[in-house]
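A.B. asks: Have a look at the structure that comes next, please.
The values are calculated or read from the model by the stated rules, or taken from the named source; none is laboratory data. None of the values given here were measured: they were computed from a predicted structure. Cβ sites come from the backbone with ideal geometry, for glycine too, and all protein chains shown count toward neighbours.
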Amino acid sequence: MGLLWQDLVVDLIRELAVREALFIHLEQLVAESRDGTLGYQEAARFNIGDETIAIRQVQGRGIHKPATLSAALSITTTYTKPGQKPPYEDLQGADGYARYKYQGEDPNHSSNRALRACLEFQLPLAYFIGVAQGVYLVEFPVYLIAEDPQRHEFTLSFDRSEAHFDPSLLTSTERRYALRQTKSRIHQPVFRQRVLRAYQTTCAVCRLKHVELLDAAHIISDSKPNGEPIIPNGIALCKIHHAAYDRNFLGIRPNCEVEINADLLLEIDGPMLKHGLQEMNGQKLLVPSSVQSRPDPERLQVRYEEFKNAS
């Protein structure tokens with residue numbers, strides 16, 4: 001028994017050492033990236049000592065366990081084209097926590113066993129989320145804190161201390177907190193990247209192209225029905241026009257034409273107001289070339305009514 005216990009300790013030490021080296025590697029890559037994303041080749045492998053370890057599955061399965069480890073090292077949600085079912089629809093439970101589906105439906109599949117080992121021994125993973133073909137946002141460390149064999153999925157958290165608890169026991173306040181964490185760590189970054197890429201990193205109103213000054217604005221707020229974090233519910237806007245849109249100084253008609261608040265058109269307050277807002281009145285939005293990525297007219301209509309009622 002003592003020998004088996006000793007072997008287990010050695011395995012866990014190695015598992016943790018590999019993960020620590022991976023996270024340090026990923027931190028450096030993300031810091032060097034202009035927009036925080038990683039390309040396919042960047043996220044392919046890393047070195048620990050004299051050993052080269054694959055970071056994620058080359059193709060096919062989203063659950064990756066290197067042959068030299070006993071537990072999964074990373075999970076991946078692949079990019080889906082506009083018009084297809086967004087991957088994050090499957091990533092959130094009623095309790096607000098993110099989810100990750102089994103490989104297939106067999107709990108004893110080797111990939112699912114590799115994830116279960118992370119749950120049992122509270123081992124952290126790197127989570128890659130596709131935002132374009134061959135481009136990923138990576139979240140780390142993430143932990144598996146529960147498993148639902150009936151729904152063929154694991155529950156994810158960003159806090160190791162939540163391991164092995166029953167999400168159904170959460171209070172309403174705890175569920176809201178979990179949802180905020182899921183939105184801020186997964187939904188919002190993915191939404192931002194996918195919208196900005198659809199608009200070629202350009203403000204749809206003023207054509208500004210500096211990514212540091214751009215936001216992905218929701219047409220319908222994510223706190224309301226139909227406020228999903230999908231490209232047709234988003235518009236790439238610079239921070240000035242995003243703030244103006246959210247505060248109903250700027251509206252967008254269902255035909256993608258900009259309308260400035262009537263009172264604001266009468267004000268005199270320097271060049272920013274004149275050139276940045278007033279001269280945008282009546283201008284057409286720059287929209288993505290892909291029809292499936294363009295603003296949803298029905299959502300625009302709902303949001304435009306809010307703008308008119310606030311004017």
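A.B. asks: Quick check: is even one residue across region 50-66 of a type in the set (Ser, Thr, Tyr) and at pLDDT 90 or above?
C.D. replies: Yes: one or more hits.
A.B. asks: Tell me, yes or no, whether region 250-259 has at least one residue that is exposed (fewer than 15 other Cβ atoms within 10 Å of the Cβ) and at pLDDT below 90.
C.D. replies: For region 250-259, residues exposed (fewer than 15 other Cβ atoms within 10 Å of the Cβ) and at pLDDT below 90: absent.
A.B. asks: Next question, about the same structure. Would you kindly identify the strands (runs of 3 or more DSSP E) lying entirely within region 104-165 that contain at least 1 residues that are of a type in the set (Asp, Glu)?
C.D. replies: So the answer is 135-148, 153-157.
A.B. asks: Continuing with the same structure: Name the single residue, out of those in region 67-88 being modelled with pLDDT of 90 or more and crowded, with 18+ Cβ neighbours inside 10 Å, that is farthest from residue 17 (Cα to Cα).
C.D. replies: 76
A.B. asks: Confirm whether residue 237 is within 23 Å of residue 34 (Cβ to Cβ), crowded, with 21+ Cβ neighbours inside 10 Å and either at pLDDT 95 or above or among the acidic types (Asp, Glu) (or both).
C.D. replies: yes
A.B. asks: Residues of region 34-61 being closer than 20 Å to residue 77 by Cα and exposed (fewer than 13 other Cβ atoms within 10 Å of the Cβ), which ones?
C.D. replies: Selection gives 41, 58, 59, 60.
A.B. asks: What tally of residues in region 278-301 results from selecting those that are among the aliphatic types (A, V, I, L, M), out of contact with any Cys (no Cβ under 9 Å at 6 or more places or on another chain) and touching a residue at least 60 places away in the same chain (Cβ under 8 Å)?
C.D. replies: Qualifying residue count for the region: 0.
Here is a yes/no grid of residues against (1) buried (at least 16 other Cβ atoms within 10 Å of the Cβ); (2) basic (Lys, Arg); (3) part of a helix (DSSP H, G or I); (4) at pLDDT below 90:
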site	(1), (2), (3), (4)
187	yes, no, yes, yes
205	yes, no, no, no
209	no, yes, no, no
212	no, no, yes, no
220	yes, no, no, no
268	no, no, no, yes
275	no, no, yes, yes
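A.B. asks: Regarding residue 7, is this residue surrounded by 12 or more Cβ atoms within 10 Å (Cβ to Cβ) and at pLDDT below 90?
C.D. replies: So residue 7 does not fit the description; no.
A.B. asks: Would you check which residues across region 292-311 are more than 27 Å from the chain's Cα centre (by Cα) and not in a helix (DSSP H, G or I) and list them?
C.D. replies: Scanning region 292-311 gives a single hit, 311.
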